[in-house]
Amino acid sequence: MFFLALSISKTSGIGARYFYLFQWLIGGDKVLHFIASFSLNFSFQNLLFDKHKSYKVSLFISLLVMSIFILDELLQHFLPVRQIDIYDALVSVLGVFISTIVLLFYKANQTKSG
């Protein structure tokens with residue numbers, strides 16, 4: 001929800017200076033995309049994987065989160081104050097991929113030790 005609010009802030013211009021300050025503090029636009037996609041995917045995976053314990057569910061969640069971030073980039077084509085950046089989409093996909101791997105390794109080790 002926090003990242004959605006940041007995106008809306010940037011697009012609307014309302015509070016945009018705080019968005020740009022936050023973006024600058026964390027290291028830039030690409031870092032923000034990585035953190036947002038990593039944390040959103042990790043949260044959904046962690047929430048739903050325990051319930052279903054299925055790699056198919058994990059794959060579905062990953063594809064869904066990737067689709068959300070790619071769609072967000074594509075929608076920027078229609079907004080006069082935003083621009084599509086393919087690298088933003090790629091960094092978001094990378095964040096989803098890495099968070100999925102981290103969580104699956106964590107869950108596998110948790111199962112072995114517990």
Calculated from DSSP helices alone, with each H run of at least 4 adding -39500 (n - 2.57) and the total divided by the residues of the chain, [θ]222 nm to the nearest 500 comes to -28500 deg cm²/dmol
Less than 10 Å Cβ to Cβ from VAL91, Lys/Arg counted +1 and Asp/Glu -1: what total charge do the surrounding residues give? -2
Of the DSSP H helices in the chain, the ones reaching 24 Å or more along their long axis in Cα terms and averaging at least -1.0 in Kyte-Doolittle hydropathy are 29-52, 55-75, 86-113
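For the chain, what relative contact order do you get, as a whole percent, if you take Cα pairs closer than 8 Å and at least 6 residues apart?
Rounded, it is 32 percent for the chain.
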Classify the chain as rounded, prolate or oblate from the Cα gyration tensor: take a ≥ b ≥ c as the square roots of its eigenvalues, call it rounded if a/c is under 1.5, otherwise prolate when a/b beats b/c and oblate if not. prolate
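With charges only on Cβ, +1 for K and R and -1 for D and E, what is the dipole size of the chain about its Cα centre, in debye, rounded to 20?
So the magnitude is around 380 debye.
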Normalized C-alpha radius of gyration of the stretch 61-106, against 2.2 N^0.38 Å? 1.31
Please work out the C-alpha center-to-center distance from the stretch 5-47 to the stretch 73-100 and express it in whole Å. 11 Å
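A short reminder: the numbers here are calculations on the coordinates, not readings from a lab. Treat the numbers as computed from the prediction; the structure is a model and nothing was measured. So basically every Cβ, Gly included, is an ideal-geometry build from the backbone, and we count neighbours across all protein chains shown.
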